[in-house]
Amino acid sequence: MSGPVAVVVGAATPIGREVARLLKEDGVPLMLTDINADHLTVVAAEMGQTGCAVATRVLDVTEPEAWVRLFQHVEATMGPVQILVNAADFDPGHAVVGMSAGDWVPTVAINLSGVVYGLAALAPRIQSRPLPVSIMTTAGQRTEDGSHAPSYVARRAALAIADRWAGELAADGVHVVASHIPASDPGAVPALVRRALQPFDRRRPLAGSHALKPADS
């Protein structure tokens, strides 16, 4: 399999780390990003020194220009970005009623705006070249007591935007596979990674340009 370049955002989160590991096993060159440089170093070391290329870059997802610089850097040093995994997450651990304005600012900035900024920076690069693209976005965790509700609802809005983004690009002839990664079901990650890789493997037929939504997301 000739590896498309994957950018894994929030690579130090449990889901980001697992997706990165599975992509590397498939020989996909990786750009790992996270806000925490120390955690990023640990994850990169876990990936090992053999096989496909693994690079790292600190990224603040709440800065739109940082996304632009990231994609410029990846294209200049590794090649076109064809897989984008957005696993960056902020969970204040409160129910919605208990949220202060100070809690809402990072919750929305990271879980919603960060996803939107990444898609906005990637879109013109996709439209300028006839290459398939896979985007994977974590769906947030839904609990009965509502303790994760703020991050969950912010992420749901981000997923709706990602789906619309993929649909509009598909209408323009760009092949996009959009997947939701359920935080409550880590066991679903391998199948979602295989689906994300499908457009780049000539041994498999291309999947449709649509979003895969787990039942519990």
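One table, with the values for the structure above:
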item	result
Residue in region 93-108 that is among the aliphatic types (A, V, I, L, M) and under 19 Å from Thr13 (Cα atoms) present	yes
Residue identified as under 13 Å from the mean Cα position of the chain (by Cα) and open to solvent by less than 70 Å² (accessible area, probe 1.4 Å) among Val74, Val68, Val43, Val19	Val19
Helices (runs of 4 or more DSSP H) fully within region 15-125 counting 1 or more residues that are modelled with pLDDT of 95 or more and of a type in the set (Lys, Arg)	64-77
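The values are calculated or read from the model by the stated rules, or taken from the named source; none is laboratory data. Since the structure is predicted, the reported quantities are computational estimates derived from the model, not experimental observations. Quick note on the areas: whole protein, heavy atoms, side chains included, nothing else; ligands and nucleic acids left out. Shrake-Rupley method; radii C 1.70, N 1.55, O 1.52, S 1.80 Å.
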